[in-house]
Amino acid sequence: MDTSTDSLRKIPHPLWFIAGILGLIITILLWHQAFPTAQVDFTVKRAEILPLLQQKVESLKTSLGSTHSALTFSSDTDTQYYLEQEVGQKKLEDLQKEGLNIWYWQTRWFKPEQQEEWGAALDPQGRWVGYAHTIEENRELPSLNEIEAKTLAESFLQQQIPHHPFSKLRFVETQSHARPHRKDYTFTWERDDLRVKEAPYRLSVTVQGNQIGEYSENLKIPEAWSREFARKRELNELFQNIAEYSCILFFLGVAVFILIDIRKGHFHWSIPGILPWILIMALGTLLETANQIPSLLFTYSTTDPWIGFWTKELFDTFVRSIWSGLLFGIVLLVASRFYEPSLHSLDFRTLFKRSSFHHPATVHAIGIGLLLAFVHMAYVNTFYVLGKQWGVWCPLDLDYSQVLEGPIPWIEGFMTGYSASWLEELLFRALGVFFVLRLTSKRWVAIFVPAILWAFLHSNYPQSPGYVRGIELTIVGCINGWIMLRYGIVAT
């Protein structure tokens, strides 16, 4: 290949730089309109959460002793979505500051193979918003009568939950629960000034025998709204299912071609230089799982053997890592059978060699890809800003840099980018486009079919209407397909 031709110059055409700069400017200007971020004041730092919650739990005359603990960040997405759609971002932020619980730190203390455990939750401002003491159903405890139990619950609210002044609470109901060796009560109050349309804000305290057993506060979402939201989500699920089944048929067709190639001896079982990339995928999957250990501890059932739990998790992690590497390798091998380099790109079988990184075609494609990223971001931002004028809804985001909980915080972003940029582009561009091109010999069909399949595989995102994510990404997929045909897979 003649590396001196204009098509292989290292520096992209000036128009690409202009497009990239404009894309970056548009992204900066429209980002917060397209994807607004909730203004949440994280008053309490992550390192302070566990000691603070432990102090609060032990103030209930409970000794956590030598328990294991786990800490994670969570949210009440139903409440978030209801508030966004019914009253908007500004009112949501005001209500959260006033004490309405949406986002919270969640802690768990437990002893392996013992049913008893404790859980507690603290919101970003350090307010106690949840507590649960799990004990055996038949544990014997001194029982209180209803008046005594209610007095205990009221005392808990007044002393431990000062962000909800007791004078602002209106008592709603009492529920009693007869246990084999004790009697439990659940008392519920409502705070009327935090009511949002038909959704009351409720605080519930459960007394187990003669002690506080549970506390929760939440917005009670109207059932009619929940049913309507679920009905809207059915459209997302419908498009998701159609895309998944269509992809199964699509890749079964690919498998038939590959099996024929194998039988004829045309299939190549190796690609020079791919082993390091496979190892990165496998190792990244391993580190990603290690980073999820805090969340993993929340899945442990105290009725299961502790050693058995870790043995299974370690084995599953090892298998998952090996499988991700093998799958990546298989995709690379299959894609290499269909991929056809253009005048502007390298052959797939030389693409992974170390020397390819210095080749003008690779440097040129990387430059195009970086500038294309800014163009894509500008397009997506513009899409949602304009879409909101036509009823498109995109959920409120949160600054998750404040709540990173794993020991390897960077690995999640790295693996999201690595997996998407490699697996998705290999499957739906390097493989998908050229597979359809071989079947139809029509470039526009070859670009469009994989693009729409890939796009609607993202329909399970919370955006609505349910087809909007598919429309957004179909356009992205078509652009990526055209760019790949012109500049090679590295550019996308």
note = Within the range 184-232, residues being in contact with a strand residue (DSSP E or B) (Cβ under 7 Å, 6 or more places away or on another chain), over 28 Å from residue 58 (Cβ atoms) and open to solvent by 50 Å² or more (accessible area, probe 1.4 Å) number 4
query = Of everything in the range 60-82 that's outside any loop (DSSP other than H, G, I, E, B) and out of contact with any Phe, Trp or Tyr (no Cβ under 9 Å at 6 or more places or on another chain), which residue is surrounded by the most Cβ atoms within 10 Å (Cβ to Cβ)?
reply = 79
request  = Name the helices (runs of 4 or more DSSP H) wholly inside the range 431-492 in which the number of residues that are in contact (Cβ under 8 Å) with a residue 12 or more places away in the chain, under 30 Å from residue 84 (Cβ atoms) and among the small types (Gly, Ala, Ser) is 1 or more.
outcome  = 443-456, 468-487
message = Just the residues that are in contact (Cβ under 8 Å) with a residue 40 or more places away in the chain and among the acidic types (Asp, Glu), please, taken from the range 84-115.
response = 84, 86, 93, 98, 113
remark   = Screening 117, 146 for residues that are open to solvent by 50 Å² or more (accessible area, probe 1.4 Å), charged (D, E, K, R), over 19 Å from residue 99 (Cβ atoms) and modelled with pLDDT under 95 leaves only 146
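If a residue has to be open to solvent by 50 Å² or more (accessible area, probe 1.4 Å) and either in a helix (DSSP H, G or I) or among the aromatic types (Phe, Trp, Tyr) (or both) to count, how many in the range 28-49 make the cut? First the steps, then the outcome.
Narrowing the range 28-49 to residues open to solvent by 50 Å² or more (accessible area, probe 1.4 Å): 28-29, 31-33, 39, 41, 43, 45-48.
Checking which are either in a helix (DSSP H, G or I) or among the aromatic types (Phe, Trp, Tyr) (or both) leaves us with 28-29, 31-33, 46-48.
Total meeting the criteria: 8.
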inquiry  = Let me confirm something: among 252, 235, 314, which residue is in contact with a Pro (Cβ under 7 Å, 6 or more places away or on another chain), part of a helix (DSSP H, G or I) and open to solvent by 50 Å² or more (accessible area, probe 1.4 Å)?
reply    = 235
request  = Starting from the range 206-221, keep only residues that are in contact (Cβ under 8 Å) with a residue 40 or more places away in the chain, then list their pairs with residues that are open to solvent by 50 Å² or more (accessible area, probe 1.4 Å) and part of a loop (DSSP other than H, G, I, E, B) whose Cβ atoms are within a distance under 6 Å, requiring at least 6 positions of separation or different chains.
outcome  = 209/142; 209/143; 210/142
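Could you list, in sequence order, all residues of the range 187-222 that are among the small types (Gly, Ala, Ser) and in a strand (DSSP E or B)?
Within the range 187-222, 199, 204, 213, 216 qualify.
The values are calculated or read from the model by the stated rules, or taken from the named source; none is laboratory data. Please read these numbers as outputs of a predicted model, since none were measured by experiment. Here Cβ is always computed from backbone atoms with ideal geometry, including for glycine, and neighbour counts include all displayed protein chains. With ligands, DNA and RNA removed, areas are computed over all heavy atoms of the protein, side chains included. Shrake-Rupley method; radii C 1.70, N 1.55, O 1.52, S 1.80 Å.
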